[in-house]
Amino acid sequence: MMSKAKVRVLFICTANVCRSPTAEAVFRRHIELAGLHGAVHCASAGTHDFNLGAAPDGRARAVALRRGYDLSGLKGRHVLEADFERHHMILAMDRANLASLTQRCPAEHRNKLRLLMEFARRHAVLEVPDPYYGNARGFELVLDMIEDACASLLEHIRTTHLGALDRDSANER
């Protein structure tokens, strides 16, 4: 069932077990704390389908839980063709996933594709590294980067998307 949210954001990584579910949980918390749960919806998916239905990586869950983010209800899924129409922003964790999305995305929706780290303020990199084959410190770094980007992403959505929608609604009255 499609959310009635005004703005829908989809986070994308390779397998939807480390980076993108972490981003979903972090951004969901930002949405809740801002009181925007009815206005903004987020989800996550992978460009590859090898972890369908799988829970996020245990290391990602543990690191996130220590900071108050719950990934336990999330399950791996593959990005669907309908996602390109359904979501307003589709944010990839790295250039390889952005390239994969660009190949699959209909031309009229390619403007929705971006890298999550474009929104970061404290990290001067454009890619969130895949921590899957690394150690716990890699998962901590990924969470640091995602927290940074998600805080700025919410501000971007407030000013760019929600502000524009609110102005359009006011003009219709």
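No lab work stands behind these numbers, since they all come straight from the coordinates. Quick caveat, the model's predicted, so the values are computed rather than measured. Positions of Cβ are generated from backbone atoms using ideal geometry, with glycine treated the same way; all protein chains shown enter the neighbour counts.
Relative to the compact-globule scaling 2.2 N^0.38 Å, provide the ratio for the alpha-carbon radius of gyration of the range 1-44.
Ratio of Cα Rg to 2.2 N^0.38 Å: 1.14.
Order these peptides, 13-26, 118-131, by their mean beta-carbon neighbour count within 10 angstrom, highest first.
13-26, 118-131
Return the calculated 222 nm mean residue ellipticity for the chain, to the nearest 500 deg cm²/dmol, obtained by summing -39500 (n - 2.57) across DSSP H runs with n ≥ 4 and dividing by the residue count.
My calculation for the chain gives -12500 deg cm²/dmol from helical runs alone.
Could you pull the Rg and Dmax for the chain, using just the Cα atoms, both in Å?
When restricted to the Cα atoms of the chain, Rg and Dmax are 15.4, 55 Å.
Which peptide among 75-88, 146-159 comes first, and what is the full order, when sorted by highest mean count of other Cβ atoms within 10 Å?
146-159, 75-88
Given Cα pairs under 8 Å that are at least 6 residues apart, what percent is the relative contact order of the range 7-172?
Taking the mean separation of contacting Cα pairs over the length of the range 7-172, I get 26 percent.
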